[in-house]
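For reference, the structure is listed below as structure tokens.
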Amino acid sequence: MEFTALGLSEQTLAAIDDLGYEHPTPVQEQAIPVALTGSDVLACAQTGTGKTAAFVLPIVERVAPRGRISSLVVTPTRELAVQIEDVAKTVAKRTGHSVLAVYGGVAYKGQLSKLRSGVDLLVATPGRLLDLHGRGEIDLTGVEMLVLDEADRMLDMGFWPDVRKILNLLPAKRQNMLFSATLSDEVLRVIGGAVRDAVRVDVAPASVPVDAVEQYLYAVSAAQKTELLVALLHEIDEYRAIVFTRTKLRADRLTAALRSSGVEADTIHSDRSQSQRERTLKDFKRGKHALLVATDVMARGIHVEAVTHVINYDVPESPEDYVHRIGRTARAGETGVAITLLAYEELESMKQIERVLGRALETRDVEDFKYADRIVPRPDRLTVKRSVFGGRRGGGRRPGGGGRTRRF
Ligand code: AMP
């Protein structure tokens, strides 16, 4: 299926190009044509399925920019709000919509000045939205299209009374799209009232639950990360790996360092031109380079099958990013390995991630690697017995075969 078959305009197709998407995901394929007819949509789709574009694209198609809030996306967390804003802003560069995300936990000032200068598409978490509405800063009477994103999560987090209040502030005549990872009877009973005569769209999750990915930590000083990575890669016979760094600069430096150590690598980040990015991705898909160095932002557009390893050269800043990154492997029922290089400075972020995962990750060492100055960071850490690597694929050997469990 091609995006051109979905009934989208030229400028939206150009925006999809900018996003780097080549083919629609199942939820996009199913939800976009329905939404374009003006029907309400009730979609069972979780994060990782491409749901964001499945609602952003119909919004820009159906609601012209007017300088007042005419479409509203309500989402449970700040991270999601920022991600949606990101996608919508890229699209809006082509369509001329003004996009803003408002969420709690930050000062009002920046959000207020942007609101006052006119917004077409507002992305919001429920609390901050009601708060700003209460202060008379938001007018919702012009909303023609509403998206409730991750409705089940909003329910879980106790936001539903707020969502109800928001629904009451909207014009009765509007189009609704509701996305939820689960649509159990119970969830439907509560949230179902928000959409009428909706066309239901169900998609199997495209990204695997994190449990399908084997995850390991390698403790190493920040200064030795590159050296350790090279040693790790030597332990793996065959791989197609994505390595994540925190910044573009680090991605460039790492790529250069890997190349000078004889590792075939290329990098993809937003400072590179669209054509460079496309070529890099194509080369990676064809297997010209077995290793792609990427930043989080770029990783969103990467959908490559059979990625055997995701390596976090830097620990991601949020648990969402971690889950997102490791979801790049173990797609379509395959197994995958996620490796995180953990420096002392990154312990706090890692602890947060483990809290979300609900467990401490197994730690490993590269045998015979000359660890220098490694601070033993965590005496209270759980030690998990080394498990045998399972699920071998394509003759590849998993890294860490010679690893020992170590308390750190
Ligand atoms: P979402 O479920 O909206 O959070 O999207 C999951 C990831 O898939 C994000 O990183 C998107 O950038 C990416 N994505 C969404 N649609 C496509 C597509 N059609 N082709 C490639 N990547 C996509």
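The values are calculated or read from the model by the stated rules, or taken from the named source; none is laboratory data. Keep in mind the model is a prediction, meaning the values are calculated, not measured. Counting neighbours? That spans all protein chains shown, and the Cβs are built from the backbone with ideal geometry, glycine included.
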Q) Applying the selection to the stretch 67-86, what residues are among the small types (G, A, S) and part of a helix (DSSP H, G or I)? A) A81
Q) So which residues in the stretch 30-49 are small (G, A, S) and surrounded by 24 or more Cβ atoms within 10 Å (Cβ to Cβ)? A) A31, A35, A43, A45
Q: Inspect all residues belonging to the stretch 151-174 and state whether any of them is within 16 Å of the ligand (Cβ to nearest atom) and outside any helix (DSSP H, G or I).
A: no
Q | Pairs where the first residue, in the stretch 307-329, is touching a residue at least 12 places away in the same chain (Cβ under 8 Å) and the second is of a type in the set (F, W, Y) and part of a helix (DSSP H, G or I), C-beta under 6 Å, 6+ apart | A | P316/Y322
Q: Output yes when any residue across the stretch 137-146 is assigned to a loop (DSSP other than H, G, I, E, B) and more than 15 Å from R68 (Cα to Cα), and no when none is.
A: no
**Q.** Residue among K248, K288 that is modelled with pLDDT under 90, of a type outside the set (S, T, N, Q) and over 25 Å from A306 (Cβ atoms)
**A.** K248
Q | The lone exception for E22 - which of (1) closer than 13 Å to N176 by Cα; (2) out of contact with any Phe, Trp or Tyr (no Cβ under 6 Å at 6 or more places or on another chain) it fails | A | (1)
Q.
within 16 Å of the ligand (Cβ to nearest atom), under 14 Å from the mean Cα position of the chain (by Cα) and modelled with pLDDT of 85 or more: is that true of I302 in this structure?
A. no
Q. Quick one: how many residues across the stretch 78-122 are free of Cβ contacts under 8 Å to residues at least 12 places away in the same chain and over 20 Å from E137 (Cβ atoms)?
A. 1
Q) With respect to the numbered conditions (1) of a type in the set (A, V, I, L, M, F, W, C); (2) in contact with a Leu (Cβ under 9 Å, 6 or more places away or on another chain); (3) surrounded by fewer than 20 Cβ atoms within 10 Å (Cβ to Cβ), which one is the sole condition not fulfilled by A181? A) (2)
Q) Does V56 qualify as being within 11 Å of the ligand (Cβ to nearest atom) and either farther than 24 Å from E305 by Cα or not assigned by TED's automatic domain parsing to the domain that holds I191 (or both)? A) yes
(Q) Can you tell me which residue is nearest to the ligand (Cβ to nearest atom) among those in the stretch 196-236 that are of a type in the set (K, R) and at pLDDT 85 or above? (A) R200
Q: Working only within the stretch 36-51, note down all residues that are in a helix (DSSP H, G or I) and touching a residue at least 40 places away in the same chain (Cβ under 8 Å).
A: K51
Q. Can G104 be described as closer than 19 Å to L167 by Cα, of a type in the set (G, A, S) and either more than 16 Å from the ligand (Cβ to nearest atom) or assigned to a loop (DSSP other than H, G, I, E, B) (or both)?
A. no
(Q) Suppose we keep only residues that are at negative phi and within 11 Å of the ligand (Cβ to nearest atom) within the stretch 44-53. Which one would you say is farthest from the chain's Cα centre (by Cα)? (A) A45
Q: Considering each residue of the stretch 1-31, count those that are among the β-branched types (V, I, T), farther than 20 Å from G96 by Cβ and either touching a residue at least 60 places away in the same chain (Cβ under 8 Å) or within 11 Å of the ligand (Cβ to nearest atom) (or both), and give that number.
A: 2
